[in-house]
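What follows is one structure encoded as structure tokens, with my remarks underneath.
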2 protein chains.
Amino acid sequence: MNILEKITQAKDTFSKSEKKVAEVILANPQTAIHSSIATLANMSDVSEPTVNRFCRRLNTKGFPDFKLHLAQSLANGTPYVNRHVDENDGPEEYTNKIFESTMAALDIARQSVDINTVNRVVDLLTQAKHISFFGLGASASVAHDALNKFFRFNVPVMYFEDIVMQRMSTMNSQVGDVIVLISHTGRTKSLVEIAQIARANDATVVGITAKNSPLGKECNYVLSLDVPEDTDMYMPMASRIAQLTLIDILATGFTLRRGNKFRDNLKRVKESLKDSRFSL
Amino acid sequence: MNILEKITQAKDTFSKSEKKVAEVILANPQTAIHSSIATLANMSDVSEPTVNRFCRRLNTKGFPDFKLHLAQSLANGTPYVNRHVDENDGPEEYTNKIFESTMAALDIARQSVDINTVNRVVDLLTQAKHISFFGLGASASVAHDALNKFFRFNVPVMYFEDIVMQRMSTMNSQVGDVIVLISHTGRTKSLVEIAQIARANDATVVGITAKNSPLGKECNYVLSLDVPEDTDMYMPMASRIAQLTLIDILATGFTLRRGNKFRDNLKRVKESLKDSRFSL
DNA sequence: TCAAGTTTGTAGTAAAATTACAACTTTAAC
DNA sequence: GTTAAAGTTGTAATTTTACTACAAACTTGA
């Protein structure tokens, strides 16, 4: 595991002085790898052995070894950690933290996506007679976004915020229709019902949701995303960004499957916006 | 550049003994980063100062610095690059490319955000009598998402997709109201008009848009995001992810400004969902 | 072959990291 | 409250590691 994440995670097990060291390192890891144990001790306002003990607590052989691990964490690839926003953070801190934890979440999500399912879902979507995107709460805007993308493909695509409309529309679904249900937790009752109605009508149900959730179990295909949520904020943040990225992937897969001529079509949709815009 | 590549490339400029060092390092770089200058000198059958000179020849400050560079080169993972999707990409390739370019875009966006403006906008929002979020097309779902977030704060917040509703609502705006207009290009005519109406009513207009665009010029505050768009796809992708992240930042700033008691409020909103969900 | 230049190693020095131990806190029990 | 035990932290000494200065040994070309 990335040592920066490890520090964040193990913060509670640290002693007072060790926490000081952790703070200084997390605040400026780039400086840390270029400092000696003495300067780092000074910056953290602790003694040199404390820094050394801090390093060992993280299962490194000592300070130089720790610096090596830190350097590797900082190397391009996985530079970002899911850093939680703190009460006392100023604008600069929370802005950077949110960007970084969003990137970190995407990185984790990427590793959890099942490519085969993506491929099969893209297949389904290209062959669908009708596509519907439904979500509620925070996932409603994701469904909304999906509408905006797939609508450009000149495919019959639907999106409703209203659960009654979602229900009525699903009642009329049939074989060949694909219904994409979006829910981070997969425990939204009314969406589970929609899934059941759809399957009773032999429509295909794709869930962008948690694998073993009540909703997940009702779906023909589940695209699950493991995303660490900052539960302190009591708001869905990273999860819906990951969902949106997944929508982008499905849309991209769709256009690639449809081939080159189809891309001209997209270009035309984009150009149709010209009149509603000021020219460059 | 990767220091391992650098060694291979600069091999010709090395002296006989330095080449020996290069060989040993290239043959087993993992061992090299965990060795002291003495052991490495021994393995290469040269003296310690030779190893040191070798390090300096590669523009490093010395042996420890060289090890740091080497460690970074060895760190696993590819950097976040904006890799464009290619016609012939399979599901695995385009999935990874989209995740990576989204992360790369966020990284670039992060560097372009003006923290001072973020801070001032958060200020405005916390003091606003009414907050409106308007966007069209792909930005509509971003505005939709903003509604979902700010609505939890128990603040009078509005969101319309319909330009007539947007217009009517803005007509009634007054001092102390904040209208957030979202548009990637900043060239959507009807949003520019909304901005003009709002300012005529002394409401404050915040644009999440391009700085020097027609819309940007009509705003009191502009939060601009430099995001590289994959224009090949003819679809907004990374831009709206960056916009959403910015919404997260504003929402977070808002809650932090409001303090601890307010967080309990958010918790209550979240708990109110319980009945609409299946329990764990 | 010899002188100028380069390369290399030896020995000493400086810096950095680690260890051992003592002083100081904290915690919990009485 | 007092006190003993456990845990934490810092000081000082020690060891390890890296670097510098300089001299010896090669190379090169006239």
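For the list (1) closer than 17 Å to residue A:65 by Cβ; (2) out of contact with any helix residue (DSSP H, G or I) (no Cβ under 8 Å at 6 or more places or on another chain), I need the number of the one condition that residue B:16 fails.
With (1) closer than 17 Å to residue A:65 by Cβ; (2) out of contact with any helix residue (DSSP H, G or I) (no Cβ under 8 Å at 6 or more places or on another chain) applied to residue B:16, the lone miss is (1).
Being in contact with a Ser or Thr (Cβ under 9 Å, 6 or more places away or on another chain) and more than 8 Å from DNA strand C (Cβ to nearest atom) is the filter here; which residues of region A:48-60 pass it?
A:50, A:54, A:57
Could you pull out the residue among B:87, B:92 that is within 11 Å of chain A (Cβ to nearest Cβ), surrounded by fewer than 18 Cβ atoms within 10 Å (Cβ to Cβ), away from DNA strand C (no atom under 16 Å from the Cβ) and not in a helix (DSSP H, G or I)?
Every option except B:87 fails the conditions.
Would you please name the residue that is farthest from DNA strand C (Cβ to nearest atom), looking only at residues in region A:61-76 that are within 11 Å of chain B (Cβ to nearest Cβ) and not in a helix (DSSP H, G or I)?
Here the residue is A:76.
Every residue in region A:11-47 that is in a loop (DSSP other than H, G, I, E, B) and either within 14 Å of another protein chain (Cβ to nearest Cβ) or open to solvent by less than 20 Å² (accessible area, probe 1.4 Å) (or both), please.
A:14, A:34, A:35, A:36
Within region A:1-37, can you find the residues that are in contact (Cβ under 8 Å) with a residue 12 or more places away in the chain, over 14 Å from residue A:51 (Cα atoms), within 16 Å of DNA strand D (Cβ to nearest atom) and not small (Gly, Ala, Ser)?
Hit for region A:1-37 is A:13, nothing else.
Of the conditions (1) in contact (Cβ under 8 Å) with a residue 24 or more places away in the chain; (2) open to solvent by less than 30 Å² (accessible area, probe 1.4 Å); (3) basic (Lys, Arg), residue B:97 satisfies every one except a single condition; which number is it?
Going through (1) in contact (Cβ under 8 Å) with a residue 24 or more places away in the chain; (2) open to solvent by less than 30 Å² (accessible area, probe 1.4 Å); (3) basic (Lys, Arg) one by one, residue B:97 breaks only (1).
The rows are residues; the columns are (1) over 19 Å from residue B:122 (Cα atoms); (2) out of contact with any Lys or Arg (no Cβ under 7 Å at 6 or more places or on another chain).
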position	(1), (2)
B:151	no, yes
B:157	no, yes
B:176	no, no
B:209	no, yes
B:213	yes, no
B:219	no, yes
B:227	yes, yes
B:236	yes, yes
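Limited to region A:54-67, what total is found for residues that are near DNA strand D (Cβ under 9 Å from one of its atoms) and either crowded, with 19+ Cβ neighbours inside 10 Å or outside the structural domain of residue A:22 (by TED's automatic domain parsing) (or both)?
Summing the residues that are near DNA strand D (Cβ under 9 Å from one of its atoms) and either crowded, with 19+ Cβ neighbours inside 10 Å or outside the structural domain of residue A:22 (by TED's automatic domain parsing) (or both) in region A:54-67 gives 1.
Would you mind telling me which numbered condition in (1) in contact (Cβ under 8 Å) with a residue 24 or more places away in the chain; (2) under 19 Å from residue A:31 (Cα atoms) residue A:128 fails?
(2)
Sort out for me the helices (runs of 4 or more DSSP H) sitting completely within region B:120-220 that have 1 or more residues that are within 11 Å of chain A (Cβ to nearest Cβ) and buried (at least 24 other Cβ atoms within 10 Å of the Cβ).
Output list reads B:138-150, B:189-200, B:214-218.
The values are calculated or read from the model by the stated rules, or taken from the named source; none is laboratory data. None of the values given here were measured: they were computed from a predicted structure. Cβ: placed from backbone, ideal geometry, glycine included. Neighbour counts: every protein chain shown. Just the protein is used for accessible areas: all its heavy atoms, side chains included, with ligands, DNA and RNA removed. Shrake-Rupley method; radii C 1.70, N 1.55, O 1.52, S 1.80 Å.
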